[in-house]
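Have a look at the structure that comes next, please.
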Amino acid sequence: MSAVPGCGSKTHSCLLNRNGDFATAADIAAEEAVLGVLRAARPDDAVTGEESGESGAAGAGRRWLVDPLCGTLNYAVGNMLVAVNVALRDGSRIAAAASADPFSGEVFWTDGAGAWVLREDGGSERLIPSAGSRLVDLNLDPPFPHAPGFRAVELMAAPEFVAGFRPRVVSSTVAVAWVAAGRRAAYVTDGGPGLRLDSVHFAAGIALCEAAGCVVTGIDGLPVDQGEGGLIVAADHETHAVLLALALARGGARAGE
């Protein structure tokens, strides 16, 4: 890895990883720690790590998807809005997943049947989505495969959005877990297909939201692993319908087209 000039802070410098993306020493150390646990407990499973890439048997039925620090640039400048994401893909489904906030001590997790948050004090509670906050988190980081037709940033200026919601930009997939927990009404991002089963960034959060009962589709309204890509996660059908209509009006491919 090579250092990236002008990126990070006095305490957290940025490096350029194998994908041409930014990483810090914490990203590398966190991934090594997670992979160490997985290799000791599940030596026959395959792993895809954001920093280290794929390892294990290519045809393994079980594959762990690991994002050691989602929100690297947040962390690098001392903004502690990050998530550690781990998901287990077993064939064509996500069998279990967790999204941890290392600074609050919370771990959002699912066994595929339900979703819970484990707090630092040892307490646990089931995740219950709610649109009551009216806060919608928008991912404004690239890539933007559906631009110029669809741009998440343009939703913020739409009268229908302003009338019903307030935007937030966390720049970490911890915000996806927050939809499952009722702390966000929704989350919207551009992106390619494969977010549900292949993405180290999004697989854990999507699994959490599905298990908690959120409405989860691509920006075309199709299931995330069947459509053109992108992601709309909403706490309820009403919120999802409004955001989907806005996405379609701004270039999101329509379901069935």
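If we keep just the residues of the range 121-149 that are in a loop (DSSP other than H, G, I, E, B), open to solvent by 80 Å² or more (accessible area, probe 1.4 Å) and under 22 Å from residue 109 (Cβ atoms), which is modelled with the lowest pLDDT?
121
Does residue 54 qualify as being in contact with a Gly (Cβ under 8 Å, 6 or more places away or on another chain) and either at pLDDT 95 or above or farther than 24 Å from residue 139 by Cα (or both)? Even if it seems obvious, please write down each step before you answer.
Numbers: in contact with a Gly (Cβ under 8 Å, 6 or more places away or on another chain): no; either at pLDDT 95 or above or farther than 24 Å from residue 139 by Cα (or both): yes.
No; evaluated as a whole, the condition is false for this residue.
Also, I was wondering about something else. Among all residue pairs at least 6 apart or on different chains, which show Cβ distances below 7 Å where the first residue, located in the range 25-36, is closer than 17 Å to residue 74 by Cα and the second is assigned to a helix (DSSP H, G or I)?
Close Cβ pairs (under 7 Å, with a partner that is assigned to a helix (DSSP H, G or I)) amount to 26/75; 27/72.
Can you give me the number of residues within the range 150-205 that are outside any helix (DSSP H, G or I) and among the small types (Gly, Ala, Ser)?
Residues that pass the stated criteria total 12.
Moving on to the next point. Can you tell me how many residues within the range 96-107 are of a type in the set (Gly, Ala, Ser), open to solvent by 20 Å² or more (accessible area, probe 1.4 Å) and in a strand (DSSP E or B)?
Looking only at that region, the number is 3.
For residue 208, state whether it is outside any loop (DSSP other than H, G, I, E, B) and either at pLDDT below 95 or within 24 Å of residue 90 (Cβ to Cβ) (or both).
yes
Taking the range 37-60 as the search range and keeping residues that are in a helix (DSSP H, G or I) and closer than 15 Å to residue 87 by Cβ, which one is most open to solvent (accessible area, probe 1.4 Å)?
First, pick out the residues of the range 37-60 that are in a helix (DSSP H, G or I): 37-41.
With the extra rule that they be closer than 15 Å to residue 87 by Cβ, the set shrinks to 37-38.
Numbers: 37: 95, 38: 19 Å².
Taking the candidates together, the pick is 37.
Hey, among the residues in the range 108-120 that are open to solvent by 30 Å² or more (accessible area, probe 1.4 Å), in contact (Cβ under 8 Å) with a residue 12 or more places away in the chain and closer than 23 Å to residue 185 by Cβ, which one's nearest to the chain's Cα centre (by Cα)?
If we take residues in the range 108-120 being open to solvent by 30 Å² or more (accessible area, probe 1.4 Å), in contact (Cβ under 8 Å) with a residue 12 or more places away in the chain and closer than 23 Å to residue 185 by Cβ, then 109 is nearest to the chain's Cα centre (by Cα).
Give 63, 93 a once-over and let me know the one that is closer than 18 Å to residue 196 by Cβ, over 16 Å from the mean Cα position of the chain (by Cα) and open to solvent by less than 50 Å² (accessible area, probe 1.4 Å).
63
The values are calculated or read from the model by the stated rules, or taken from the named source; none is laboratory data. Being a predicted model, the structure only gives us computed values, none of them experimental. For neighbour counting, all protein chains shown are included, and Cβ atoms are generated from backbone atoms with ideal geometry for every residue, glycine included. Note: areas computed on protein heavy atoms with side chains; ligands, DNA, RNA excluded. Shrake-Rupley method; radii C 1.70, N 1.55, O 1.52, S 1.80 Å.
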